[in-house]
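As structure tokens, the structure follows; a few thoughts come after it.
None of the figures in this text is laboratory data; all of them are computed from the coordinates on show. Since we're looking at a predicted model, the values are computed, not measured. As a convention, Cβ positions derive from the backbone with ideal geometry for all residues, glycine included, and neighbour counts pool all protein chains shown.
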């Protein structure tokens, strides 16, 4: 009888201990790395991450507490991952050595059967809490894919950036300029490749300034009449100076852009007339006008983004060197490129 009573007491005590245990599950830590849990100033649990980078640690609140309101912080210290649970009003311990500490502003309530899951996949870890057992999906990559998709991208930065892009360019009035009324016997390029380089500076995530240089491939046209043939080539160089404004959701920023455009155009036409010979004509123009457009960028790393944008560029200017003539043209562009963040 005494042995049975002792056994019941032992089981009851053991069950009470389990019921009051708090659990911290760490995922995506370095395999074989040290995992620690700190409550206020004290290390209350430690373990080693398995081959999948996962570890389960349990600890008990101090005897005088049945629950606690805590702030959560995490640390990366080499191969060590640390989870800090600090009660409101208590000063958290200083980092041990050169550690990357991240704080969470929310207050979490620890009760008798609380389970934390801390996922160290991202620079800012994901923290989940449940009073009781956690769903299996929290411990797998699939379970966090939907809810943390945006957090996997670093936030769109501010500061100095350089970009390079390749795309397509269409000069809307080139056919009319090059072929005139000779449309049945004239062929011309309607779409050409364009390369661009941009330097931009974002004052914050929402507004900035930019300068861009564009170099489209030459526009060409070939035509003929009853007694002549001709070839025309137009070389275009464009500089843009303006502003950018947009909004970011995590690492995805949608923006608009606009400002002043400056162009230099050289148009050369070579005409051969039967029994008369060949003549060449050249017209150079330059001038200021405007541009407008927009795009979207996705920051894959803190320093690297891909982007796509497009817009319309007005080219308006008069002939240089006292010649007669002018340029009045609209370029429509669409490009994709890579953007590098240099510094804030």
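Helix 2-19 and the longest principal axis of the Cα set of the chain meet at an angle near 20°.
Sorting 214, 172 by the number of Cβ atoms found within 10 Å of their own Cβ, with the fewest placed first, yields 172, 214. Tell me whether the chain comes out rounded, prolate or oblate; compute the Cα gyration tensor, take square roots of the eigenvalues as a ≥ b ≥ c, and use a/c under 1.5 as the rounded threshold. Prolate.
Between residue 245 and residue 90, the simple label model (points 7 Å from Cα in the Cβ direction) yields a spacing of 4.9 nm. Our helix-only sum for the chain, with -39,500 (n - 2.57) per DSSP H run of n ≥ 4 divided by its residues, gives a mean residue ellipticity at 222 nm of -2500 deg cm²/dmol. Cβ-to-Cβ counts within 10 Å put 297, 92 in ascending order as 92, 297, the fewest first.
Of the residues 35, 166, 110, the one with the fewest other Cβ atoms within 10 Å heads the list, and the complete ranking is 166, 110, 35.
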